[in-house]
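The values are calculated or read from the model by the stated rules, or taken from the named source; none is laboratory data. Just so you know, these numbers come straight off a predicted model, no measurement behind them. Here the Cβ positions follow ideal geometry from the backbone for every residue, glycine too, while neighbour counts run over all protein chains shown.
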Amino acid sequence: MEAYLIIDDEEYKFEISWNVAEYFFVCSSKVSVIQVAWHPGSPSNTHLTVLSSDNYIRTYDITEPQTPQQVIALNPNSKNSFLSSESKISFSTCFGENSVSFDFGPAEEMQVVCANSSRVSKSYEQVTIWPIYLLHGNGDIYVLKSPLIKDRSQPAAKVIGPLAMYPASEDNYGYDACYILCLHTVPTCLVVATATGIIYHCIVLENSNSSSKEKLDDTSWGLDSTTDDSEIALYVFESVELSLSLNEEPDDVYSHPIRLYKDITSRSKYHGTHASGLHSVAMPFLQALENSLETETFEKLLSDETKQTCIVEHTICTKPFSQVDSVPVLGFDVIINDVGVTMICLLASWESVCLPLV
């Protein structure tokens, strides 16, 4: 986090760091951090959401870094039985039943039970929530809806899923899912990456009449299983396989995770880092979809086989040949300053690569 100090009318900028949940992870040796993200609904911009290997989502306020403000069990009915007494890998993780990635969707309004409401006569208040899309290792996608609140008398969470995916696929669009990204387009687009280098682009289809009527009751945890009448579903309109080297052998098998990042210059563009470098993907089809909502040609455009495909660019290649050792990308960010928009990559060789984004 950035902080500013003024000395003799001179402004100095410096960074501040915190050890979040240090006591918990030291005492829980078999629990590790899977993913961390700032909560977009934090009024003070100090709330951090942590997904851990015990299949829990915890939200911390970094002003009180050792005490979680909210703890949500993503599947409280499952027990974390480990492969051995020394192993940190549970059976549910091996079967792909645990969450491996998450991302926040666009904000939406939901009616929540008031803190002073009685069981006989419930009263509701409207709050803004940021739904969290959860990706399991087996490819299932869930939605977690929970207000960012401290009042323990109010409900904690509502988990919906697994979401139906159309067209149906026997392999559930891959059993090796590793990362999910939510693009705040209209309609919302989910990007799902697999460890084999295949990426799926999905449109979130939601009943427009359900959002205003949806209520979060006073249960601490609820799981709504997907049915044929589910209010949320996914339509997979495109898949793309990333070329992972300039001269890839036919039998070359890629099994490294992919991390996805939004592009701050365009809602319909994202970047993916992996052991072989960086790919940039643009989806002009999403802009056409957004325009079709005004002309009522949405369904026709989805079924159009001639729709424009995504544009994929191998921006940085750190493994030009399959025989060469890979140099994974450890960090990625896009910054905006007076010079322009710059993309920065930190490689495993401790080199930084800076490229301008036009």
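In the set (1) hydroxyl-bearing (Ser, Thr, Tyr); (2) surrounded by 13 or more Cβ atoms within 10 Å (Cβ to Cβ); (3) at pLDDT below 90, the condition left unmet by TYR23 is number (2). Candidates in region 149-186 are the residues that are aliphatic (A, V, I, L, M), modelled with pLDDT under 85 and surrounded by 15 or more Cβ atoms within 10 Å (Cβ to Cβ); of these, the one that is nearest to LEU286 (Cα to Cα) is ALA157. In region 56-79, the condition of being within 24 Å of the chain's Cα centre (by Cα), modelled with pLDDT of 85 or more and basic (Lys, Arg) is met by at least one residue. Close Cβ contacts (under 8 Å, 6 or more residues apart or on different chains) running from residues in region 282-293 that are closer than 18 Å to TYR200 by Cα to residues that are part of a strand (DSSP E or B) and of a type in the set (Val, Ile, Thr) comprise ALA282/ILE311; MET283/ILE311; PRO284/ILE311; LEU289/ILE203. Screening region 242-358 for strands (runs of 3 or more DSSP E) wholly inside it with 1 or more residues that are at pLDDT 90 or above and loosely packed, with under 13 Cβ neighbours inside 10 Å returns the ranges 311-317, 329-336, 352-357.
Given the conditions (1) modelled with pLDDT under 85; (2) of a type in the set (S, T, N, Q); (3) not in a loop (DSSP other than H, G, I, E, B), and given that THR128 satisfies all but one, which numbered condition is not satisfied? Looking at each condition in turn, THR128 falls short on (1).
For ASN98, the test of being at pLDDT 65 or above, surrounded by fewer than 18 Cβ atoms within 10 Å (Cβ to Cβ) and out of contact with any strand residue (DSSP E or B) (no Cβ under 6 Å at 6 or more places or on another chain) is failed. Within region 101-128, residues that are more than 30 Å from SER52 (Cα to Cα) and loosely packed, with under 12 Cβ neighbours inside 10 Å sit with their Cβ atoms under 9 Å from residues that are modelled with pLDDT of 75 or more and small (Gly, Ala, Ser), at 6+ positions apart or across chains, in these pairs: ASN116/SER123. Tally up the residues in region 174-191 that are part of a loop (DSSP other than H, G, I, E, B) and within 12 Å of LYS262 (Cβ to Cβ), please. Counting residues in region 174-191 that are part of a loop (DSSP other than H, G, I, E, B) and within 12 Å of LYS262 (Cβ to Cβ) gives 2.
The one condition from (1) out of contact with any Ser or Thr (no Cβ under 8 Å at 6 or more places or on another chain); (2) closer than 20 Å to ASN98 by Cα that VAL36 does not meet is (1).
Give SER28, SER90, SER84 a once-over and let me know the one that is buried (at least 18 other Cβ atoms within 10 Å of the Cβ), at pLDDT below 90 and out of contact with any helix residue (DSSP H, G or I) (no Cβ under 6 Å at 6 or more places or on another chain). After ruling out the rest, the residue left standing is SER90.
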